[in-house]
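Right, one structure below, let's go through it.
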Amino acid sequence: HNDIDSLVKVLDDIVNPSGNDPTLGNDAKILIVVESVYSMDGDVAALEQILDIASSRGASVVVDEAHGLGIYGTTNSQDLFAEIVGTA
């Protein structure tokens with residue numbers, strides 16, 4: 001986890017310049033699933049970078065907050081968003 005270079009390589013391997021790998025079909029969707037905080041080590045995901053990478057490749061991101069509750073302020077969702085966009 002938290003290997004941004006690996007994420008870029010994997011996405012670049014499956015996405016061609018037109019936005020979809022022909023083997024996936026034109027309706028293919030890419031979903032990146034990450035944890036905000038990884039429970040084993042307490043590492044925090046590089047969400048801003050992950051979101052930028054996903055956006056540039058037409059991918060969606062799901063953030064699992066199961067182990068991050070309380071880490072980003074009191075509400076998590078709003079505070080996590082503020083942390084990502086730099087308004088915290």
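The values are calculated or read from the model by the stated rules, or taken from the named source; none is laboratory data. Just so it is clear, the model here is predicted, and its values are computed rather than measured. With ideal geometry, Cβ positions are generated from the backbone for all residues, glycine too; neighbour counts draw on all protein chains shown.
Restricted to segment 40-69, and to residues there that are over 20 Å from residue 82 (Cβ atoms) and without any contact (Cβ under 8 Å) to a residue 12 or more places away in the chain, the residue that is surrounded by the fewest Cβ atoms within 10 Å (Cβ to Cβ) is 40. A single member of 80, 24 is within 17 Å of the chain's Cα centre (by Cα) and either at pLDDT 65 or above or surrounded by 11 or more Cβ atoms within 10 Å (Cβ to Cβ) (or both), and it is 80. Residues of segment 34-67 that are more than 21 Å from residue 5 (Cβ to Cβ) and among the acidic types (Asp, Glu): 64, 65.
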